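> The structure follows.
Here, each number is a calculation from the coordinates, and none is a lab measurement. It should be emphasised that the depicted structure is a prediction, and the values quoted were computed from it without experimental measurement. As a convention, Cβ positions derive from the backbone with ideal geometry for all residues, glycine included, and neighbour counts pool all protein chains shown.
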Amino acid sequence: MRVADYLTHLDWDDISMQIAAKNAVDVRCALSATQPTLDDFLALVSPAAEPFIETMAQQSVQLTRARFGNTISFFIPLYLSNLCANECTYCGFTMSNRIKRKTLSPDEVASEAVAIKKMGINSVLVVTGEHEKKVGMAYFRQVIPLLKSFFDYLTMEVQPLSTLDYAELKQLGVDAILVYQETYHARRYGLFHQRGNKTDFDYRLDTADRIGQAQLDKIGLGALLGLSDWRTDSAFVAAHALAIQKKYWRSRVSIAFPRIQPCTGQNDPNITRGPSEKQLVQLICAHRILNPQAELTLSTRESAHFRNNVIPLGITHISAASQTQPGGYSNAEENLKQFETDDSRSVAAMATQIHRSGLDTVFTDWLPGFS
Amino acid sequence: MLTIANKSFSSRLFTGTGKFRSAQTMSAAIQASKSELVTLAMKRVEHGRKADETLSELDRLHINLLPNTSGAVSAKEAVYAARLARAALDTPWIKLEIHPDQRYLLPDPVETLLAAEQLVKEGFVVLPYCSADPVLCRRLEEAGCAAVMPLAAPIGSNRGLLTKDFLHIIIEQASVPVVIDAGIGKPSEAMAVMEMGADAVLVNTAIATAHDPVNMAALFAQAVSTGRRAYEAGLAHSRLSSSASSPLTRFLNET
């Protein structure tokens, strides 16, 4: 059975109610379980677990240090394009937004790579926007090998593709693929994704299976917190991660926790309140306790103060000095951004902060000939 | 004295370089461990960057490097990483690690054997990280590996000697040194495998993630040394009960 089929059989309302019904006893059981289950995760992410956040954080730190050591890995996002063939009500790149559109030429991609390399970064998250025709496989065949000549590890955030395309991307030099489901609530998903290929909820849900079949080194999962009830969406992310890890055992799993940020033209009344900072800490720790092996990522959407304090609690991978517009590193031009970042510190400043937390920085963790 | 591939070691504790909070802590811990062989993931070595802090610290210590192929998921990738290591670090020594399983990082026996055969052919000194499988260890030895490195528990788990009975068989049968790698969490566990007759242990996580890595490294060194000396002194036999008189055969003495 595909993991996507398993997920469609999970009942959203049932999980929501289970979370709401958890009490302090359930949380204590979850915290003392030798091998926590999804049911334990529901307790840990429930309102009943909020008073236990310190205990959760302590467990999370221990598990993270045992598995990943006293280290934090760095990456940087590289936006290739802000073209989009979808209408998504929460995103600055949505097709109806009258913003200046741009796709980087191979020369511009090289300039970006040089600028990023100068910061000491060796792992890049390539963000492509979602425009199959203009920013599709033909374009990737040009720019991915070029980027691979600069960076040892390439992650890609790209529109859902076929297994065959993923296999080709792997050949071209891509190591990891991220596809966030945005929300696992099918009906609400429809409210936010109104036109374009992205309206296809089921195809997107099946994406992680296709990446797994293509045997990429890493599969990135996540929900955009604030589109639906964040606790239930997070339970689906946790279930997705466990099932993917079990079935596609050769691939690593990473989880991100993006909270909706302001962007141009965003005024959708359907957007709900995402987790508070305290709840985000609870969520990160809950994922870590359930899944000690998962790589947990925290982006520059969050504030410097928050990141300083949360990164040591369970995060393994961070971005720094991120630009969310194409060409932002070599030629900063405003008004092309997908969303506003909050923590704008340089890579060097971020590295100093990590060292101050008693952790070492990792910039290189891969050989270009792997995967 | 321990000898692997014509190289002698006075310390039977090997250590690692990952998971430390800084290159300085790593360096101090390695010194405290008195280890003469430390493993280093090739995937962590940044090419073309002179100022690799870990490497320059290790260089300063004049320590033997055991580059490893961590991150490789197939024999082909491991052979590639080994060749890179030989070119970059100027050593034929390689710790062969192939673990496609991303959850427990357990080694793939099939790919490990294939890679070992290839690397031995190419003149490498191969130390394979492997499951505590006595037959696999014999096959790796036949392939020409300089030592075998069976695991005590999943790597990084600090769970101790979960595979103890199989390690006994491996130690009994091997004619190359047996280095117990992975899973050792406490000095007492390192001492226990040394008392069993293991030739050496490799400890990383238990040192690097200890509250005081430098002190812990020194304590592991003591434990390994004590365990070895106990083994060499010949441990007295142990049994569950005291020696009973002989109620079953007493009749033989009755006249």
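> About the Cα centre of segment B:105-227, how large is the charge dipole given +1 on each Lys and Arg Cβ and -1 on each Asp and Glu Cβ? Please answer in debye to the nearest 20. Can you show the working numbers first?
Numbers: 6 positive and 14 negative charges, 42 e Å.
Taking the Cα centre of segment B:105-227 as origin, the dipole is about 200 debye.
> On a 0 to 90° scale, report how tilted helix A:12-21 is relative to the longest principal axis of chain A, with both axes built from alpha carbons and the result rounded to the nearest 10.
50
> Can I ask one more? So what's the gap between the Cα centers of segment A:1-28 and segment B:31-91, to the nearest angstrom?
Here the answer is 45 Å between Cα centres.
> Another question, then. Largest first and to the nearest Å, give the Cα extent of segment A:43-156 along each principal axis.
Computed over segment A:43-156, the largest-to-smallest principal extents equal 50, 35, 22 Å.
> Select from segment A:272-371 those GluC sites (Glu not before Pro) which occupy a DSSP coil region and have at most 14 other Cβ atoms within 10 Å, ordered by residue number.
Numbers: sites: A:Glu277, A:Glu295, A:Glu302, A:Glu333, A:Glu334, A:Glu340; in loops: A:Glu302, A:Glu333, A:Glu334, A:Glu340.
When the GluC sites (Glu not before Pro) of segment A:272-371 are filtered for loop state and at most 14 Cβ neighbours within 10 Å, A:Glu333, A:Glu334, A:Glu340 remain.
> Measure off 7 Å from each Cα along the Cα-to-Cβ vector at B:Leu61 and B:Gln222, then give the distance between these two points in nanometres to one decimal.
2.0
> If the only charges are +1 at each Lys and Arg Cβ and -1 at each Asp and Glu Cβ, what is the size of the charge dipole of the protein assembly as shown around the Cα centre, to the nearest 20 debye? Working shown, then result.
Working: 62 positive and 65 negative charges, 125 e Å.
Roughly 600 debye, rounded to the nearest 20.
> To the nearest Å, what is the center-to-center distance of segment A:83-156 and segment A:172-188, using C-alpha atoms only?
Cα centroid to Cα centroid, the span is 16 Å.
> Same structure again: Normalized C-alpha radius of gyration of segment B:126-221, against 2.2 N^0.38 Å? Present the calculation step by step, with values, prior to reporting the outcome.
On the way: Rg = 12.9 Å, N = 96, 2.2 N^0.38 = 12.5 Å.
Against the empirical 2.2 N^0.38 Å value, I get 1.03 for segment B:126-221.
> Expressed as an acute angle from 0 to 90° and rounded to the nearest 10, what is the orientation of the C-alpha long axis of helix A:347-356 relative to the principal long axis of chain A?
In chain A, helix A:347-356 runs at an angle near 30 degrees to the longest axis.
> Enumerate the calculated ³J(HN,Hα) couplings along segment B:185-201 in order (Karplus 6.51 cos²θ - 1.76 cosθ + 1.60, θ = phi - 60°), each rounded to whole Hz, writing x wherever the residue is Gly or Pro.
Karplus values, whole Hz, x for Gly and Pro: x, 9, x, 4, 6, 4, 4, 4, 6, 5, 4, 6, x, 4, 7, 6, 10.
> Pop the C-beta distance of A:Lys100 and A:Gln171 into the FRET formula with R0 = 45 Å and round what comes out to the nearest 0.05. Don't skip to the end; give the middle numbers.
Values: r = 33 Å, r/R0 = 0.74.
After rounding, the FRET efficiency stands at 0.85.
> Same structure again: List every residue whose amide H lies under 5 Å from the amide H of A:Lys102, counting only residues 5 or more places away in sequence or on a different chain, with H placed 1.01 Å from N in the peptide plane.
A:Asn82, A:Leu83
> Run the Debye formula on the Cα coordinates of segment B:1-142, all scatterers equal and no solvent, and tell me log10 I(q)/I(0) at q = 0.11, 0.18, 0.22 1/Å.
Relative scattering, expressed as log10 I(q)/I(0), comes to -0.41, -1.11, -1.46.
> For B:Ala233 and B:Tyr104 in the same chain, what is the full-extension length gain: residue separation times 0.36 nm, less their Cα-Cα distance, in nm? Display every interim value, and only then the final one.
Values: separation 129, 0.36 × 129 = 46.44 nm, distance 3.68 nm.
Separation in residues times 0.36 nm, less the Cα-Cα distance, equals 42.8 nm.
> May I ask which of A:Lys247/B:Lys186; A:Lys148/A:Lys218; B:Lys7/B:Lys121; A:Lys117/A:Lys218; A:Lys22/A:Lys218; A:Lys170/B:Lys121 have a Cα-Cα span longer than 27 Å here? The partial results should precede the final answer.
Numbers: A:Lys247/B:Lys186 33 Å; A:Lys148/A:Lys218 16 Å; B:Lys7/B:Lys121 20 Å; A:Lys117/A:Lys218 22 Å; A:Lys22/A:Lys218 33 Å; A:Lys170/B:Lys121 30 Å.
The answer is A:Lys247/B:Lys186; A:Lys22/A:Lys218; A:Lys170/B:Lys121.
> Still on this structure, please answer the following. Å³ per residue of the Cα convex hull, for segment B:12-234? Can you show the working numbers first?
Working: hull volume 24.2 nm³, N = 223.
Cα convex hull per residue, to the nearest whole number: 108 Å³.
> Amide H of A:Ala320: which non-local residues (sequence gap of 5 or more, or other chain) have their own amide H closer than 5 Å, using H built in the peptide plane?
Correct list: A:Phe75.
> Follow-up. Using only alpha-carbon positions, what ratio does the radius of gyration of segment A:243-314 give when scaled by 2.2 N^0.38 Å? Don't skip to the answer; put the middle values down first.
Values: Rg = 14.6 Å, N = 72, 2.2 N^0.38 = 11.2 Å.
Scaled against compact globular proteins, the figure is 1.30.
> Pairing the Cα long axis of helix B:23-33 with the longest principal axis of chain B, what angle in degrees results, from 0 to 90 and rounded to the nearest 10?
30
> Over all distinct Cα pairs, what is the inverse of the mean 1/r for the protein assembly as shown, reported as the Kirkwood hydrodynamic radius in Å?
Working: mean 1/r = 0.0385 Å⁻¹.
Here the Kirkwood hydrodynamic radius works out to 26.0 Å.
> B:Phe14's amide H: which non-local residues (gap 5+, or another chain) put their own amide H closer than 5 Å, with H modeled 1.01 Å from N in plane and none for Pro or chain starts?
Residues meeting the amide H criterion: B:Val201, B:Leu202, B:Val203.
> More than 38 Å apart: what percent of Cα pairs in segment A:3-362 qualify? It would help to have the intermediate numbers written out before the result.
Numbers: 7155 of 64620 pairs.
I get 11 percent for the Cα pairs in segment A:3-362 exceeding 38 Å.
> Using 0.36 nm per residue of separation minus the Cα-Cα distance, give me the extension gain between A:Trp249 and A:Asp13 in nm, one decimal. Can you show the working numbers first?
Numbers: separation 236, 0.36 × 236 = 84.96 nm, distance 2.97 nm.
Going from the current span to full extension adds 82.0 nm.
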